[in-house]
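First comes the structure, then the notes that go with it.
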Amino acid sequence: MSDSSFGANELDRFRATFFEECAELIADMESRLSCMLTETADSEELNAIFRAVHSIKAGAGAFGLKRLVTFSHTFEALLDWLRDGRIAQDERVATILVKAGDILAALVEAAQQGKEIAADFETEIANELHGLLEEASGGTSTHRAKAEPKSTSESVTPAKATVDYRISFSPHAELFRHANEPLLLIKELERFGTLHTFCDTSKLPSLAAMEPEDAYFSWTFELSTNRSKADIAEVFEFVDQDCILDISESAEEEAFGLFDDDEPKALNEPAPDSSPAVAPTIEHKPAAEPAQKAQSGAKSNANATIRVDLARIDRLVNMVGELVITQAMLAQQIIDQGKDQGQQAIQGHEDLAVLTRELQECVMAIRMQPVKSVFQRMPRLVREVAGKLNKQVNLVTHGEQTEVDKTVIEELADPLTHMIRNSIDHGIETPDVRIAAGKPAEGKIVLSAAHVGSNILIHISDDGAGINRERLLKKAIEKGIVTPNANLSDEEIDELIFAPGFSTAAAVTDVSGRGVGMDVVRRNIVGLGGRIQVQSTFGKGTRFTLIIPLTLAVLDGMIVASGSEKYILPLTSIIESFRPDKSQVREITGGGQVASIRGEYVRLVYLCKIFDVPGAVLEPWKGLVVLVETASGNKLGIVVDELIGQQQVVIKSLLDNFTPVPGISGATILGNGRVALILDIEQLAGMTERRRHATIDGRLSGSKPALLDDQASQPHSDVDDGALPRLAVGSR
Amino acid sequence: MSTLETNTENYILPQVLDLNFASELRSMLLDKLEKGVNTTIDASNVSRVTTPAVQILLAYSKAINSEGRKPTLHNPSEALKTAFRDLGLDAELSQWSTN
């Protein structure tokens with residue numbers, strides 16, 4: 001297959017598919033490897049892990065990802081010996097395997113993102129893998145005697161006659177630099193039968209002239225085995241671009257060293273960085289061609305596709321068929337124009353509505369995936385971070401099968417990573433501190449997911465030190481995030497951890513402590529249309545709760561009217577709506593209005609003033625106040641003319657067709673064809689009303705009594721969002 | 001090449017003779033060679049050997065042979081001997097003096 005017939009687009013697509021498969025394989029592999037830490041894996045488990053690594057290796061080879069190939073090759077060799085029983089399973093081996101799994105995952109991630117990683121990133125673990133292999137092959141002849149020969153392709157040839165092969169293996173100079181080691185290949189060949197090795201050292205230059213990392217030796221092997229030529233070729237599968245290889249049976253000996261015209265020459269195309277000068281003559285050919293342009297462009301397409309359960313597709317197709325039939329039925333009814341046409345049309349429309357709703361659910365189901373794919377990344381993270389900090393942490397996960405939209409899943413990974421890292425760094429104490437506090441040395445982090453209505457609820461709780469509110473508040477005052485005289489409730493103090501640039505870490509570590517974590521987490525979650533809350537008990541632990549809509553494609557909204565305009569408020573944010581009495585509404589010092597409801601004051605925001613809508617109701621007691629809750633748990637009263645009704649709306653991005661509008665998160669099309677804007681509660685809470693209205697009606701853009709001016713001027717601040725009225729009222 | 005001197009130095013190989021160590025090994029042996037120092041290479045600690053290191057040891061051995069001397073290996077470990085054997089270099093290893 002040549003480049004002319006195999007375009008870059010196809011390669012990019014295959015590459016994207018490869019990485020999607022890698023993600024699934026790694027998730028499965030990590031879960032099985034984790035089990036090996038506590039129990040001995042049976043052959044089925046080992047085979048599954050082996051297959052995962054082997055598949056990654058094969059794909060990586062096809063795309064010229066040499067580093068990945070090399071590491072997975074060694075990893076796979078160890079797994080192969082493990083399942084053969086040549087290496088015994090013990091704690092040490094399991095630990096090395098888990099680490100190797102982590103490295104493999106990191107290498108895949110780096111390859112996918114085109115990230116540069118340190119040249120010696122995998123060296124230590126690779127050395128440990130090599131060490132285990134050598135231990136097993138060197139000093140354990142009894143193991144070897146017991147071992148049944150088994151090829152890496154799992155294709156054991158039964159009772160086949162022994163054949164003599166002659167193998168000529170002439171490495172290119174760069175063989176070692178591509179992390180290939182002839183000794184391992186030779187050991188593999190030894191497993192196949194009787195091997196005689198002849199080394200040609202004639203090209204070895206003088207010590208002064210030699211390049212220490214170049215390969216100078218070449219070999220001729222005579223192998224008597226019942227294995228096929230393909231089996232032998234597979235041993236050299238991942239060095240075939242770094243050598244000249246010829247495998248011939250004894251009958252073909254005369255052709256040794258020459259290209260035999262009768263032999264199929266499945267020539268491997270050179271990798272992007274390898275010399276194309278000499279073509280190897282091996283029978284085996286990787287499943288796909290190396291991708292010269294595979295590194296470019298694939299990143300943007302990496303998440304463009306999803307794999308869907310076939311049953312879901314079938315259901316969708318059936319539903320679409322039903323929809324078409326109903327449509328045809330309606331059309332026919334209109335054509336016929338019978339005397340009871342009106343009644344029939346109504347019935348048809350009702351059927352159509354039911355089917356459409358079901359169709360929509362089917363389509364949504366296609367995008368739904370279990371959160372397992374994100375949760376499975378966390379044990380590795382916990383191991384890494386806990387290891388760096390010398391802490392003992394046990395991660396327990398629940399509800400991995402809870403499904404959520406694929407887009408949401410992708411966006412969840414970063415916030416969860418941040419939070420778990422923070423929990424280990426700031427929450428879980430070191431073993432000695434825990435023991436002194438009467439806790440078990442090993443800390444516990446629980447990560448759980450569950451469906452609640454049209455949201456997914458994710459809890460991250462730890463049994464660590466909890467939030468030290470005194471220290472937190474002191475730090476916040478030091479940093480000028482709150483004024484010294486601020487009267488904050490416990491919840492409001494806890495909320496300070498989401499303030500931008502805030503960190504209570506005693507020392508900045510490479511794990512966390514730069515104060516860029518939790519505010520980013522909140523922004524990400526709010527960006528998903530969700531909310532994050534924190535509950536903490538000092539000395540006992542901390543629990544974060546994430547409430548995120550199941551999908552970003554549709555929204556349960558409340559249509560509200562302000563003047564001649566209609567807006568959508570996310571239903572999940574709405575607590576209640578009420579028409580206040582005139583006496584409930586008060587002007588506050590510094591501008592703005594608050595409404596009193598059950599003893600609590602909430603700031604009033606007029607949509608008509610923010611969006612310049614003429615003809616709207618300007619007195620809350622003549623219109624309605626919709627009480628909404630922001631991500632930080634603060635309340636806001638949105639003044640509207642009336643509530644039109646509840647409706648599930650399809651979200652259309654404004655960014656695709658327009659520029660961002662403050663206070664608006666997106667748009668939708670109503671049943672009458674008009675565009676309605678979807679309100680962004682978080683932004684509304686931080687926005688000040690337009691100046692010309694402020695001078696007339698409220699001057700809400702004034703000072704924020706309990707907050708410093710520079711903080712108050714940040715419309716996105718996680719601290720000041722919606723905090724103004726409560727702090728202002730509390731300080732009066 | 002400098003002339004043979006009477007003094008002998010002991011050079012202890014590390015446990016791991018991998019690609020990362022190849023450059024250092026070559027520099028070290030080249031230095032001994034150029035200074036004409038009689039060197040006994042102590043290979044008793046070696047537990048892991050890779051082909052780049054074997055190439056360097058062999059190049060060193062050839063250089064010593066070309067001066068009419070025999071390279072000296074002290075107590076070569078099983079790992080080193082196995083590596084030479086597996087690579088088909090039994091004969092080359094036998095040209096070293098061992099003690």
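Couple of notes before you dig in:
- Residues of region A:476-489 classified as in a helix (DSSP H, G or I) and more than 33 Å from the chain's Cα centre (by Cα), total: 2
- Residues of region B:83-95 satisfying the condition of being open to solvent by 10 Å² or more (accessible area, probe 1.4 Å), touching a Leu at 6+ places or on another chain (Cβ under 9 Å) and within 19 Å of residue B:40 (Cβ to Cβ): B:92, B:93
- Residue check, residue B:80 crowded, with 16+ Cβ neighbours inside 10 Å, under 21 Å from residue A:201 (Cβ atoms) and under 12 Å from the mean Cα position of the chain (by Cα): yes
- Strands (runs of 3 or more DSSP E) lying entirely in region A:576-621 (those with 2 or more residues that are outside the structural domain of residue A:680 (by TED's automatic domain parsing) and within 14 Å of residue A:635 (Cα to Cα)): none
- Residue tally, condition open to solvent by 30 Å² or more (accessible area, probe 1.4 Å), at pLDDT 90 or above and hydroxyl-bearing (Ser, Thr, Tyr), over region A:423-460: 1
- Region A:89-103: number of residues that are open to solvent by 10 Å² or more (accessible area, probe 1.4 Å), closer than 21 Å to residue A:188 by Cα and free of Cβ contacts under 8 Å to residues at least 40 places away in the same chain: 0
- Output for region A:203-222, where each listed residue is of a type in the set (Asp, Glu) and more than 7 Å from chain B (Cβ to nearest Cβ): A:211, A:214, A:222
- Matching option when the condition is modelled with pLDDT of 50 or more and outside the structural domain of residue A:499 (by TED's automatic domain parsing), among A:640, A:719: A:640
- Restricting attention to region A:31-72, the residues that are closer than 26 Å to residue A:240 by Cβ and among the small types (Gly, Ala, Ser) add up to 9.
- For the residues A:365, A:386, A:353, A:345, the requirement of being under 30 Å from residue A:96 (Cα atoms) and either touching a strand residue (DSSP E or B) at 6+ places or on another chain (Cβ under 9 Å) or hydrophobic (A, V, I, L, M, F, W, C) (or both) singles out A:386.
- For residue A:624, the conditions (1) open to solvent by 30 Å² or more (accessible area, probe 1.4 Å); (2) touching a helix residue (DSSP H, G or I) at 6+ places or on another chain (Cβ under 8 Å) all hold with the exception of (2).
- Odd one out for residue A:214 among (1) modelled with pLDDT of 90 or more; (2) over 49 Å from the mean Cα position of the chain (by Cα): (2)
- Candidate set: region B:1-16, residues that are surrounded by 14 or more Cβ atoms within 10 Å (Cβ to Cβ) and within 11 Å of the chain's Cα centre (by Cα); chosen: the one modelled with the highest pLDDT: B:13
- Checking A:526, A:554 one by one, the residue that is surrounded by fewer than 20 Cβ atoms within 10 Å (Cβ to Cβ) and modelled with pLDDT under 85 is A:554 and no other.
- Total residues in region A:180-202, condition facing chain B (nearest Cβ under 10 Å) and open to solvent by 60 Å² or more (accessible area, probe 1.4 Å): 3
- Count - residues of region A:202-216 that are touching a residue at least 12 places away in the same chain (Cβ under 8 Å) and closer than 14 Å to residue B:57 by Cβ: 2
- Pair list, Cβ under 7 Å, 6 or more apart: region A:486-515 residue assigned by TED's automatic domain parsing to the domain that holds residue A:386 and surrounded by fewer than 19 Cβ atoms within 10 Å (Cβ to Cβ), other residue of a type in the set (Lys, Arg) and at pLDDT below 55: A:508/A:514
- Scanning region A:92-132 for residues being more than 10 Å from chain B (Cβ to nearest Cβ), in a helix (DSSP H, G or I) and in contact with a helix residue (DSSP H, G or I) (Cβ under 7 Å, 6 or more places away or on another chain) gives a total of 21.
- Residue match in region A:397-404 (condition: open to solvent by 70 Å² or more (accessible area, probe 1.4 Å) and outside the structural domain of residue A:461 (by TED's automatic domain parsing)): no
- Residues (at pLDDT 90 or above, of a type in the set (A, V, I, L, M) and open to solvent by 30 Å² or more (accessible area, probe 1.4 Å)) located in region A:560-616: A:574, A:575
- Residue A:239 meets all of the listed conditions (1) at pLDDT below 90; (2) under 21 Å from residue B:55 (Cβ atoms); (3) open to solvent by 10 Å² or more (accessible area, probe 1.4 Å) but one, namely (3).
The values are calculated or read from the model by the stated rules, or taken from the named source; none is laboratory data. Just so it is clear, the model here is predicted, and its values are computed rather than measured. Counting neighbours? That spans all protein chains shown, and the Cβs are built from the backbone with ideal geometry, glycine included. Heavy atoms of the whole protein, side chains included, go into the accessibility calculation; ligands, DNA and RNA do not. Shrake-Rupley method; radii C 1.70, N 1.55, O 1.52, S 1.80 Å.
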